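First up is the structure itself, then whatever we jot down about it.
What follows draws every value from the coordinates through simple rules; no lab data is involved. Note that the structure is a prediction, hence the values are computed from the model and not measured. Neighbour counts are summed over all protein chains in view; Cβ atoms, including those assigned to glycine, are modelled from backbone coordinates with ideal geometry.
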Amino acid sequence: MTNSKTNEMQEIRQQAIIIPGAQRSGTTTLFDLLSRHTLISEPTNKETSFFALREDIVRNHLYEYMNLFNKPDRTKYILDVSTTYFYSRDSIKMIKKYVRNPKIIFILRDPAKRAYSSYLHMFKKPSNIEKRTFDEILDGIHGYSLNDIQSSEKEAIKMAIAYRKIDDSYFSKTFIEEKYNNYLRPKDYNKLWVYEYFQGSIYSEKVEEYESEFEGKVKVVFFEQLIQNTVDTIKGLLDFLELQPEERLYVLPHKNPNFLPKNKLIKKIQKIGQDNSFFRNLIDVLLRSSMSPHVYYIGNRLFYSPKLTKEHYFKMRDIFETEYIYWISKYKYLETLWAYD
């Protein structure tokens, strides 16, 4: 795979926008908005996960990495939105070593709502890979402090697999293992992280790590801000990136909601559609076209989006109490943005 051009490339010299997460917090929306800018080059697929790979692979495949982007030589930035960088311990080191001019952006969401959205994202899959109710999920970590969640949540996942409440074979091969031919650091990435709904909402430690390594190059925005005040939020990001505003960045794309089928027949049809790449691509094209309102109308007739209950929300507020205190002390306006509605 290596060639002379690869060997000549020692680092990514072009400025890079790195968005490590958080997962289920609006990273796709932010990717869609920023990639519209004429001076930002997006990759073929949103998540490259490149800097979660082993260092020898990163070092020897920088040229291939740059080839993932759309005409990067004509833009100021490349855009890499990979939530694996939130969970990968060594991604910070890889980015710092091999990207000369990174700008780091975190988009965060109300921790309780993010955890529930992450659960629904797995529960809705037609393959029934997540069979636990949300009450069972909460019971699995009942009485644990936030500091104990990491080990307790992993133990709860093991128990769920043992009782066939989770189908771990669904992720027998991870996306980045397939993409990069098993060049993944096995110690650094756990294929079951997608079931770790609570750890994904513990932001402060991860953000502080990035802020420590990339002083003055980290920007934090909030999903609720982006939705409620899109124009000002995007303008703030463009100021951070030293880019001129463009009107087309201010129109939100359609949301990526968690819809569940209303009956078993629709669920079977949904599974056929998700297993077939042609239908997946067709739906994606329709959602991005003038037909999208009609697609959403039909979807609302066939599917529903379960709402987070008040009881579950405040149970999680208790679990994430220190996280809420941390962020609200830094951004007072989160008192109203991060609330049950």
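Can you flag which of 76/219; 103/125; 103/191; 113/332; 154/315; 154/191 are past 22 Å Cα-Cα? Those over the limit are 103/125; 103/191.
Each label point was placed 7 Å from the Cα along the Cα-to-Cβ direction; for residue 11 and residue 142 their separation is 5.3 nm. Other residues with beta-carbon under 11 Å from the beta-carbon of residue 121 carry, at +1 per Lys or Arg and -1 per Asp or Glu, a net charge of +3.
Shape verdict for the stretch 28-175, please, from the Cα gyration tensor: rounded (a/c under 1.5), prolate (a/b greater than b/c) or oblate. Prolate is the answer for the stretch 28-175, as a/c is 1.5 or above and a/b outweighs b/c.
Available extension along the chain between residue 248 and residue 322 is 22.8 nm, counting 0.36 nm per residue and deducting the alpha carbon span. As a proxy for reagent exposure, ranking 76, 131, 103 by other Cβ atoms within 10 Å from fewest up yields 131, 76, 103. With both labels modelled 7 Å from their Cα along Cα-to-Cβ, the residue 330 to residue 215 distance reads 1.7 nm. The modelled label-to-label distance for the pair residue 230/residue 70, using points 7 Å beyond Cα in the direction of Cβ, is 1.8 nm. Legend: calculated FRET efficiency, residue 45 to residue 101, from the Cβ-Cβ distance at R0 = 25 Å, rounded to 0.05, equals 0.65. Take every Cα pair under 8 Å whose residues are at least 6 apart in sequence, average their separation, divide by the length of the stretch 1-118, and the relative contact order is 47 percent.
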